[in-house]
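Here the structure comes first, spelled out in structure tokens, and everything after it is commentary.
The values are calculated or read from the model by the stated rules, or taken from the named source; none is laboratory data. All values derive from a computational prediction rather than experimental measurement. Reconstructed Cβ throughout: ideal geometry from the backbone, glycine too, with neighbour counts over all protein chains shown. Each accessible area value is taken on the protein alone, full model and side chains, heavy atoms only, with ligands, DNA and RNA left out. Shrake-Rupley method; radii C 1.70, N 1.55, O 1.52, S 1.80 Å.
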Amino acid sequence: MSDHRIQLQVNGRSVSAQVEARLTLSDFLRTVTGYTGVHLGCEHGVCGACTVVVNGLAVRSCLMLAVQADGADITTVEGLSGADGALHPAQQALRDEHGLQCGFCTPGVVMTLAALTDGEQKPSEQTLLDALSGHLCRCTGYQGIRRAARRLAGETFPGEPA
């Protein structure tokens, strides 16, 4: 197998490494950089637990090779909170709406919601729910996750003032 030198930004930190061509981005992030918030569920891109943000887009890191990330800017769930420790709005919405159970799917869900709501983006609740349809929650915590999506979309809940 051939080795390749890659250089990338992970959570604002410059990382340079020699990697085998076959190493997945998820394994690179977990074993080389130590970001174990990148969870491995199915390793086929189906469950969404390994989702990270690559150059502003939510990506299944188990389906991407580390060499493909050369030059990329990557954010994992560990890099979302502010310097002051404040939760990212996606993290806060899941917390507020009890969208957290065992936590296995949570990093992937958070990263998808963060990628879609960062900056000036204001996706609809349906857009967020469509994006979340690619995530599997083994605890059936979907109702709390759906409420968090509604909150992030700025939609009101029945009985709340508009």
Open item on the list: From the P(r) of segment 38-117, could you give the percentage of C-alpha pairs in the tail past 20 Å?
Closed with: 30 percent
- [ ] Note down the accessible area of H39, probe 1.4 Å, to the nearest 10 Å².
- [x] 40 Å²
- [ ] Count charges around T75 for me, please; just the other residues with Cβ under 13 Å from its Cβ, Lys/Arg as +1, Asp/Glu as -1.
- [x] -2
Open item on the list: What is the sum of charges, Lys and Arg at +1 and Asp and Glu at -1, for the other residues whose Cβ falls under 12 Å from the Cβ of P123?
Closed with: -3
Task: Helical mean residue ellipticity (222 nm; -39500 (n - 2.57) per DSSP H run of 4+; nearest 500) of the chain - done: -7000 deg cm²/dmol
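Throw me the Rg/Rh for the chain, computed over C-alpha atoms with Kirkwood Rh, two decimals.
Rg divided by Rh gives 1.00.
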Open item on the list: Only sites in a loop by DSSP and with at most 16 other Cβ atoms within 10 Å count here; which GluC sites (Glu not before Pro) in segment 58-162 make the cut?
Closed with: E120, E155
Task: L94 accessible area, assembled protein chains, probe 1.4 Å, Å² - done: 0 Å²
Open item on the list: Just to check I understand the Karplus step: with θ = phi - 60° and J = 6.51 cos²θ - 1.76 cosθ + 1.60, what whole-Hz values come out for segment 138-153, glycine and proline as x?
Closed with: 6, 8, 6, x, 5, 5, x, 5, 5, 5, 5, 4, 4, 4, 5, 7
- [ ] Could you work out the relative contact order of segment 1-144, using alpha carbon pairs under 8 angstrom and six or more residues apart, expressed as a whole percent?
- [x] 25 percent
Open item on the list: Charges on Cβ only, +1 for Lys and Arg, -1 for Asp and Glu, centred on the Cα centroid of the chain; of G119, Q91, L8, which one is farthest towards the dipole's positive end?
Closed with: Q91
TODO: Scan the chain and hand back the longest stretch that contains none of the trypsin sites (Lys or Arg not before Pro) lying in DSSP loops with at most 13 other Cβ atoms within 10 Å.
DONE: 23-137
- [ ] Could you check how much of the accessible area of segment 1-133 is carbon and sulfur, as a whole percent, using a 1.4 Å probe?
- [x] 49 percent
Open item on the list: If you take every DSSP beta bridge fully contained in the chain, what fraction is antiparallel? Give it as a percent rounded to 5.
Closed with: 90 percent
